[in-house]
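Just below is one structure, and these are the notes that go with it.
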Amino acid sequence: MDTTLDDPLIGTLLDGRYRIEQRIAAGGMATVYRGTDTRLDRVLALKVMHPSLAGDRDFTDRFIREAKAVARLAHPNVVNVFDQGADNGHVFLAMEYVPGRTLRDLLRDRGALSIRAALDILEPVLAALGAAHRAGLVHRDVKPENVLITDGGLVKVADFGLVRLLTGSDGTATSTSTAGTVLGTVSYLAPEQIRQDAPTDQRVDVYAAGILLYELLTGAKPHTGDNPMQVIYRHLNEDVPPPSAATPTVGPELDAIVAAATARDPQARPYDAVELLAALQRARRELTPAQLDAEPPASSRTTPQYPTGEATSVLHLERTSVQQVPEGLLARPRPFDEPLPVRKPRRPRSRRPLVWGAVLAVLLGLFGGTTYFLSGALYTTMPSVLGQSQAQAVTTLDGAGLQGVFGQQFSETVPDGQVLATDPEVGAQVRKSDPVKVTLSKGPERIAVPELDGLPLDQARQTLSDHRLTAGAVTGEYDDEVAAGSVVSASPAAGKPLPVGSPVALVVSKGMTPVPSVLGMSKDDAEKTLTDAGFQLQTSGINLFGTGKATGQNPTAGQPRPQGSTVTVNFSLF
């Protein structure tokens with residue numbers, strides 16, 4: 001049954017601007033439609049208050065005044081409020097349209113989540129509530145139905161319809177509740193909201209966030225009952241049990257945070273969502289990756305056996321009726337980990353269940369399939385950024401809801417400035433909250449040949465190794481200026497850039513040249529021998545004009561002398 005067919009607002013124009021096109025949700029206080037801003041040609045959500053509330057002038061004035069306050073709250077995790085107005089008795093809000101699904105859909109499909117997944121959801125919720133608290137606003141209806149997950153994986157808090165200012169224009173506390181009337185959702189009401197014995201503040205949101213954390217970790221609500229009065233009684237008289245009792249993978253750090261956030265005494269809770277967020281972030285840092293990613297028991301990951309969705313409602317309670325409920329009217333409190341019995345369906349006595357069933361079908365159709373969250377909200381497929389520049393890689397990752405952490409590495413094959421590797425690799429499933437390591441190429445690595453001349457051979461080899469080069473062929477030559485065993489020259493020469501591990505050839509000094517023997521040689525032969533060895537011939541004494549054989553030389557053969565030195569040779573006359 002399509003309930004939109006009987007809705008007289010479908011197709012109408014509010015305030016001469018907002019065209020109502022489709023009903024997407026209905027609650028205890030308002031109906032939400034998808035519509036179009038005909039001036040800006042923008043799809044948006046239109047929340048129209050029920051006539052019974054819109055007819056209350058005090059409520060309407062307060063709703064409009066406080067909606068303006070929410071519209072000033074700009075935060076990426078808050079559903080934006082664009083406009084508010086009244087048209088022919090219809091009081092409405094124009095809000096950001098968020099395609100995606102609710103956290104309630106996720107809990108219905110998955111049950112309990114891992115600690116990391118639970119924190120990935122609750123931390124942005126607390127960031128949004130913290131911004132509201134620091135701006136002097138209280139949400140008062142925090143629950144999974146009001147937490148949306150966009151198609152890009154962004155968590156947004158919706159439905160500030162019960163929001164109130166912490167202080168009025170005169171500086172005193174304000175409240176939208178009247179005596180005996182409670183606005184909200186029973187499973188998430190703080191005790192002071194029920195008692196109405198004192199003004200409520202931002203700690204009612206802290207309490208509801210603690211309930212929400214318990215539900216994310218265990219897959220179940222801490223307080224259940226066959227009727228709202230039983231749940232209310234337990235809020236007032238029973239502490240929320242530690243989530244570790246139902247989910248052993250939860251450690252004492254989160255048990256303590258849940259206990260503090262859901263303390264029945266508001267003074268014992270964290271002051272606001274900012275403090276609670278800080279506590280959760282400290283706990284996350286103390287947990288290991290294995291603890292964060294540990295899967296909860298299968299029993300807590302099945303579909304819960306209690307009604308999963310609750311509408312915001314107006315409860316008319318006398319204060320004494322809550323505190324003095326006869327014990328006989330309350331069922332025995334079940335242990336929190338004991339599932340509620342499954343009741344046999346009864347034949348409906350009216351068409352109302354069919355109407356609500358159709359509304360649920362519309363919601364399910366809007367918010368997508370049962371596997372959306374894990375595949376599209378928390379996780380995505382790692383896109384290919386190989387070969388892209390850093391700017392291009394940032395754009396590609398941003399489009400997939402990811403953030404890159406960039407580093408550099410030398411590469412012989414990938415040009416300088418282009419992506420050469422990613423972690424995780426292309427095509428892998430990656431959690432959107434985890435940074436992606438992206439390695440950019442620095443181009444080929446080149447090492448300059450160090451200065452080696454004059455170094456002993458062993459020291460020259462060590463210097464090359466320190467510079468990630470190797471010693472190549474080693475040859476020797478006589479050298480008057482370089483000590484024997486030391487490097488005379490290197491090839492390539494010092495300063496030449498080479499790839500890592502390249503060889504460098506070395507020429508090592510053999511010291512001064514030994515004087516060759518010329519004894520018995522003719523003058524011409526002796527002169528040629530000495531010249532070839534780098535020496536100069538000189539004759540002396542009475543044998544100056546000798547033309548026979550060499551009879552003596554100074555220095556004697558074999559003595560080391562610098563090249564260019566003179567060798568004196570004596571020749572016989574005949």
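Computed from the coordinates by the stated procedures, all read-outs in this text should not be read as laboratory data. Given the structure is predicted, the values throughout are model-derived calculations rather than measurements. Heads up, the Cβs are rebuilt from the backbone with ideal geometry, glycines too, and the neighbour counts pull from every protein chain shown.
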Checklist entry - For the stretch 446-509, with only Lys/Arg (+1) and Asp/Glu (-1) charged at the beta-carbon, what is the dipole magnitude about the Cα centre, in debye rounded to 20? => result 480 debye
Checklist entry - What ranking do 466-479, 211-224 get when scored by the average of other Cβ atoms within 10 Å per residue, highest first? => result 211-224, 466-479
Checklist entry - How would you order 229-239, 449-459 from highest to lowest mean count of nearby Cβ atoms within 10 Å? => result 229-239, 449-459
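How far, in nm, would the chain grow between A135 and S540 when pulled straight, counting 0.36 nm per residue and subtracting the alpha carbon separation?
Additional length available on full extension: 134.6 nm.
Is the stretch 1-89 best put as rounded, prolate or oblate by its Cα gyration tensor, with a ≥ b ≥ c the root eigenvalues, rounded for a/c under 1.5, and otherwise prolate when a/b is larger than b/c, oblate when not?
Verdict is oblate for the stretch 1-89.
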Item to check | Student exercise, the stretch 382-441 dipole from Lys, Arg, Asp, Glu Cβ charges, in Debye to nearest 20 | outcome: 200 debye
Item to check | Amide H contacts under 5 Å for K432, placed H, 5+ residues apart | outcome: Y379, T380
Item to check | Placed amide H near F535: partners under 5 Å, 5+ positions off or other chain | outcome: G564
Item to check | Added length on full extension, which subtracts the Cα-Cα distance from 0.36 nm per residue, A298 to Q462 | outcome: 52.9 nm
Next on the checklist: Straight-line reach only, C-alpha to C-alpha below 21 angstrom: list the lysines that K549 could link to, leaving out same-chain residues fewer than 8 apart.
Outcome noted: K523, K528
Checklist entry - What ranking do 273-285, 250-262, 486-498 get when scored by the average of other Cβ atoms within 10 Å per residue, highest first? => result 250-262, 273-285, 486-498
Next on the checklist: Take T531 and D265, extend 7 Å from each Cα along the Cα→Cβ direction, and tell me the distance between the two endpoints in nm.
Outcome noted: 11.5 nm
Checklist outcome for this item: Counting only residues 5 or more apart in sequence or on a different chain, those whose built amide H sits under 5 Å from that of L44 are G35, T36, D37
Checklist entry - Residues with beta-carbon under 13 Å from that of P560, excluding P560: net charge, scoring Lys, Arg +1 and Asp, Glu -1? => result 0
Checklist outcome for this item: Residue separation between R19 and T381 times 0.36 nm, minus their alpha-carbon distance, gives in nm 126.6 nm
